[in-house]
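Heads up: the structure comes next, in C-alpha cells.
The values are calculated or read from the model by the stated rules, or taken from the named source; none is laboratory data. Keep in mind that this is a model prediction, so the values were computed, not measured. Cβ: placed from backbone, ideal geometry, glycine included. Neighbour counts: every protein chain shown.
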Protein chains: 2
Amino acid sequence: MREERKSMLIVISGPSGVGKGTIYSQLLKNDHSLTFSVSVTTRAPRLGERDGVDYFFITQEEYDRLLAQDAFLEHAAVHGNCYGTLKSQVEAKLAAGWSVVLDIDPQGARNVMNIWPDCVSIFLLPPSYEELRRRLYGRNTDNPEAIERRLSNARGEIEQASLYQYNVVNDDVERAYQRVAAIIAAEKLRTTRYKPVVE
Amino acid sequence: MREERKSMLIVISGPSGVGKGTIYSQLLKNDHSLTFSVSVTTRAPRLGERDGVDYFFITQEEYDRLLAQDAFLEHAAVHGNCYGTLKSQVEAKLAAGWSVVLDIDPQGARNVMNIWPDCVSIFLLPPSYEELRRRLYGRNTDNPEAIERRLSNARGEIEQASLYQYNVVNDDVERAYQRVAAIIAAEKLRTTRYKPVVE
C-alpha cells in the first residue's frame with residue numbers, strides 16, 4: 001500500500017552527563033530513516049576528522065558572517081571555539097526525506113524549539129542529582145570545579161524539562177533508548193505527518 | 001525517583017473487520033496500567049455474561065433516562081439494541097489512576113473526540129479494501145449484503161482517518177499491535193501528563 005510521509009526534526013537534549021550522546025548514537029545506528037546534521041565549528045580539525053563529515057571546519061570570519069545572516073538554528077561558544085547548526089543543512093536533509101536528529105544542550109534546544117515549533121522535543125533526565133554527579137566524575141573529562149558548575153546548570157535545566165514535549169528518565173540506558181525509540185515510532189504515525197492511502 | 005502521572009483516555013477505532021478487538025484485547029492483557037469501561041446495553045445477557053462485568057444490563061426505560069441526562073460519552077443502536085459508554089464510568093476509572101481504552105466504531109469515536117479533545121485517538125486501517133472484504137467474509141458473521149454495506153461504510157470512515165491523532169495500518173497483527181503499544185508508551189512520557197521529579 002502507498003503511504004505519504006513527512007520527515008521530522010527531532011531534538012534530544014538534557015543536562016551535561018545525562019547520556020544524550022549514547023542514545024543519539026544508538027538511534028542513528030538502528031533507525032535508517034534518521035540522519036544527523038553536520039555542524040560547523042571554528043576549532044581546528046583533530047587527527048582523523050574530515051571536513052563535511054565530522055564538522056564543517058570554518059574560520060571565525062566565515063562563522064561571524066553566517067551569524068550575521070541568521071543562518072544558524074542554534075549556536076554556542078565552548079572553550080573559546082564556536083559551534084553551530086546550519087538551518088540550510090537541516091532543511092536540505094528534511095527536504096530529501098530524512099528525519100534529522102539533533103543532540104544539543106538545553107540552551108540550543110530552546111532556540112530550536114522556538115524557531116521550529118513542530119519539532120519533536122525530548123528531554124533526558126538523570127534519576128537523581130547524586131547519580132548525575134557520579135557520572136560526571138566518572139567521565140574523567142572535567143576538573144571538580146567544572147563538574148560542580150555543570151551540576152549547578154543542570155538544576156536550572158531540569159526545572160525547564162516541561163518545556164519539551166517528552167521527558168525520559170535515563171535510569172538504565174537500554175530502557176531509556178527503548179523509550180526514545182517508542183516516541184519516534186509513535187511520532188512517525190501522527191496524522192500530521194503520515195497518511196496511509198488504502199487502495 | 002518520584003514521578004507524577006496523569007491517566008489518559010485512549011480511543012481505538014477503525015472500520016468493521018479491521019481487527020480493533022484483537023489489538024484492544026492484547027493491550028489490556030499486556031499493559032496493566034490500562035483498563036476498559038464496562039458498557040451499558042439493553043440487550044438480554046447471553047449465557048455466562050455477568051452484569052457489571054461484561055455489561056451493565058439495563059432496561060430501555062433506564063437507557064432513555066440516561067440518554068436524556070446526557071450521561072453517555074458515546075452510544076449506538078445495533079440490531080435494535082442500544083449500547084453506550086457512561087461518562088461517569090470513564091471518569092471514575094481515570095480518577096482512580098487507570099488509563100482507559102475504548103474500542104469503538106468511528107461514529108462513537110468522533111463523539112468521544114469531540115467531548116474529550118485530549119484523548120489519544122488511534123485509527124486502524126486495512127492494507128487494502130480487498131483485504132478488508134476478505135476478512136469480513138472470513139469472519140462468517142454477516143451475510144453478503146451486510147458485508148457490502150460494511151465495506152461501503154468503511155470507505156467513508158477511512159476518508160476521515162486524518163481526524164485521529166494517529167493512523168496504524170493493520171497489515172500484520174503483531175506489527176500493528178507493536179505500533180499501538182509504542183504510541184501508548186510515548187503518550188505516557190508526554191510532559192502534559194508526566195513529570196519526573198529529580199531529587
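Filtering segment B:53-84 to residues that are among the hydroxyl-bearing types (S, T, Y) and surrounded by 13 or more Cβ atoms within 10 Å (Cβ to Cβ) leaves B:Y55, B:Y63, B:Y83.
Scanning segment A:157-179 for residues that are more than 15 Å from A:G17 (Cβ to Cβ), part of a helix (DSSP H, G or I) and either in contact with a Pro (Cβ under 9 Å, 6 or more places away or on another chain) or at the interface with chain B (Cβ under 9 Å from one of its Cβ atoms) (or both) turns up A:A161, A:S162, A:L163, A:Q178, A:R179. A:G21 meets all of the listed conditions (1) over 20 Å from A:A182 (Cα atoms); (2) under 13 Å from the mean Cα position of the chain (by Cα); (3) outside any loop (DSSP other than H, G, I, E, B); (4) not basic (K, R) but one, namely (1). Checked against (1) part of a loop (DSSP other than H, G, I, E, B); (2) at pLDDT below 95; (3) not hydroxyl-bearing (S, T, Y), B:A76 passes all but condition (1).
Is it true that A:D31 is of a type in the set (D, E, K, R) and either buried (at least 19 other Cβ atoms within 10 Å of the Cβ) or farther than 23 Å from A:R193 by Cβ (or both)? Spelling it out, it is not the case that A:D31 is of a type in the set (D, E, K, R) and either buried (at least 19 other Cβ atoms within 10 Å of the Cβ) or farther than 23 Å from A:R193 by Cβ (or both).
In segment B:187-198, what count of residues is obtained for those that are at the interface with another protein chain (Cβ under 7 Å from one of its Cβ atoms) and touching a Phe, Trp or Tyr at 6+ places or on another chain (Cβ under 7 Å)? Residues in segment B:187-198 being at the interface with another protein chain (Cβ under 7 Å from one of its Cβ atoms) and touching a Phe, Trp or Tyr at 6+ places or on another chain (Cβ under 7 Å): 4 in total. Does B:Y83 satisfy the condition of being more than 12 Å from chain A (Cβ to nearest Cβ), over 16 Å from B:G19 (Cβ atoms) and without any contact (Cβ under 8 Å) to a residue 60 or more places away in the chain? Judged against the criteria, B:Y83 is a match. Exactly one residue out of B:N153, B:N143, B:N167, B:N111 is polar (S, T, N, Q) and surrounded by 20 or more Cβ atoms within 10 Å (Cβ to Cβ), and it is B:N167. May I ask you to list pairs of residues, at least six apart or on different chains, whose Cβ atoms are under 6 Å apart, with the first in segment A:31-60 being outside any helix (DSSP H, G or I) and modelled with pLDDT of 95 or more and the second being among the hydroxyl-bearing types (S, T, Y) and buried (at least 16 other Cβ atoms within 10 Å of the Cβ)? Matching pairs, first to second residue: A:S33/A:S99; A:L34/A:S99; A:T41/A:Y55; A:T41/A:Y83; A:T42/A:Y63. Taken together, the residues in segment B:84-107 that are among the hydrophobic types (A, V, I, L, M, F, W, C) and more than 11 Å from the chain's Cα centre (by Cα) amount to 7.
In segment B:119-140, the residue that is surrounded by the most Cβ atoms within 10 Å (Cβ to Cβ) out of those that are within 8 Å of chain A (Cβ to nearest Cβ) and without any contact (Cβ under 8 Å) to a residue 60 or more places away in the chain is B:P127.
So that you can scan it fast, the table gives a plain yes or no per residue for (1) within 19 Å of A:L27 (Cβ to Cβ); (2) over 19 Å from the mean Cα position of the chain (by Cα); (3) not polar (S, T, N, Q):
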{"residue": "A:A109", "(1), (2), (3)": "yes, no, yes"}
{"residue": "A:N114", "(1), (2), (3)": "no, no, no"}
{"residue": "A:L125", "(1), (2), (3)": "yes, no, yes"}
{"residue": "A:E131", "(1), (2), (3)": "no, yes, yes"}
{"residue": "A:N140", "(1), (2), (3)": "no, yes, no"}
{"residue": "A:E157", "(1), (2), (3)": "no, no, yes"}
{"residue": "A:Y166", "(1), (2), (3)": "yes, no, yes"}
{"residue": "A:D172", "(1), (2), (3)": "yes, yes, yes"}
{"residue": "A:I183", "(1), (2), (3)": "yes, no, yes"}
